[in-house]
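Encoded as structure tokens, the structure appears first; notes follow it.
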Amino acid sequence: MVPLQLAGARSMEPTDSRFPASFRAVGHDGFCEIGKTFGVTVHRASHSEVERINKIFRLFHVPHDSVGPCLRIQLPIRSRWSIMLILGIETSCDETAAAVVEDGKRVLSDVVSSQVAVHSPYGGVVPELASRKHVEMILPVIAEALTQAGKEPAQLDAIAVTQGPGLVGALLVGLGAAKAMAYSLRKPLIAVNHLEGHMHAAFLGKEPITNPFVCLVVSGGHTALYRVNPDSQIKFLGTTRDDAAGEAFDKVAKLLGLGYPGGVVIDRLAANGNPHAFRFPKAYLEKGSLDFSFSGIKTAVANFVRRFGPPAEQTAGERGQRAEGRGQRGEERNFDAQPTTSDTQRAEAVPGADSYRLEDLAASFQEAVVDVLVDKTIMAAKAAGVSDVAVVGGVSANRHLRQRLAEEIRCHHLRLHLPSLRYCTDNAAMIAAAAFTVWKRAGFSQNFFDLDAVSRWFY
Ligand SMILES: Nc1ncnc2c1ncn2[C@@H]1O[C@H](COP(=O)(O)OP(=O)(O)OP(=O)(O)O)[C@@H](O)[C@H]1O
Ligand SMILES: [Mg+2]
């Protein structure tokens, strides 16, 4: 292979025999590996093509004028230039996670170290403890992810990391590790928004979607609707005005003495309960609004428990016996029929509720939350004029929500995309997948040493 000359660059030389057209450009400020990822060939070029090439070179810190108008670097076929091995790192809350993902979709490894045992005695995440645990686990988790993927650090093309939103102390641990790796390995870094990570979870291990879609992100800290275009531009449609749905699950579970995290426990209990035993408020807000509100339903459950007492002392067996013959459909007791934010704060007495079943309470609460989530998601899809819907985030693991979505979305002739259960809650595979999209949209993060954790980062 003949060394090639770039205008403005001192020389280019072949570096990798696997890619015949790959080369190393020697720019004004040193060596830049280029061809390994892009596999490019050089010809005479038009001015606009040169502009495009310069954009790519900027990603690699080659000075802007490195490619002059006399040369053309032809980008290879799409599949070729999308070969990219990314290590993802996620530490935004209470999971220390690392994963290696190829091309933004093939998951080679996915390691998650959960902190549930650390936080459960406190009934919620303790930020200081989360940071300390991340510090302890981050290196073993990254090492395990590389081992499981069968990759050496030097084989990675980029390091991706969650920059926000999340707990600042927790985010800083992941960011610190990512910066250190990127610097020591001389790899580029891609900073990722955690919510954009969740959005990619629905397509992990599958072909990426090419249609625009509406995405409901429903997690511990967020409940928001977006329209996502094929070019990965994200348009905000609506969000919660108070609690996130996952937060409502967790708070209700806590006040029922069910432990942390509560969503899974309520999901399990609700499977044996009557969703129509009690009617809790559903906040649809103003007509056509794509916003959510879950604090009212949480308050209604709190008022219920204050009035009728916690069911905690009952054993599951006792609850089952006491429940016999009660709470069938048609016996629905209305806790608040008025679907407005102010009215949802009210919870009214229901005759006979003093001998209620915990399962019925869980199922009725869950039903009210799921109803709103499903209805608003379909409303958003219609308003945005799309045929595809993705629902992601921790609460998308809820079995009742998944079942209702499958039924309702089909009725409305829409297509549903759900993450597999392991990718609903926080993981690093979704961060590495999102990083691939971020890179295609905006390139690598420049001056990555200056990146700071972002506690609130909302599209
Ligand atoms: N089966 C389930 N049913 C309902 N909720 C669930 C279920 N499984 C998990 N959750 C809820 O999902 C949330 C955790 O999800 P996730 O890890 O995506 O949130 P987070 O990362 O803490 O918040 P965010 O992504 O908004 O920063 C918790 O609130 C948990 O109760
Ligand atoms: Mg999350």
The range 371-412 and the range 146-205 have their Cα centres apart by a whole-number Å value of 29
Once normalised by the length of the range 366-434, the mean sequence separation of its alpha carbon contacts under 8 Å that are 6 or more apart gives a contact order in percent of 35
Just list whichever of 251/287; 105/376; 179/440; 133/440; 105/179; 151/179 have alpha carbons separated by over 25 Å in the model shown. 251/287; 105/376; 133/440
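Taking the convex hull of the Cα atoms, report for the range 114-263 its projected area averaged over all directions, in nm².
Working: hull surface 42.6 nm².
Hull-based average projected area comes out at 10.6 nm².
Kindly rank 365-378, 120-133 from highest to lowest mean number of other beta carbons found within 10 Å of each residue.
Numbers: 365-378: 22.4, 120-133: 16.2.
Descending mean neighbour count gives 365-378, 120-133.
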Projecting each Cα onto the charge dipole of the range 245-308 (Lys/Arg +1, Asp/Glu -1 at the beta carbon, about the Cα centre), which of 281, 259, 303 comes out farthest on the positive side? 303
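Taken together, the values in this text are just the output of simple stated rules run on the coordinates, not laboratory data. If you're wondering where the values come from, they're calculated on a predicted model, not measured in any experiment. Note that each Cβ is placed from the backbone with ideal geometry, even for glycine, and that neighbours are counted across all protein chains shown.
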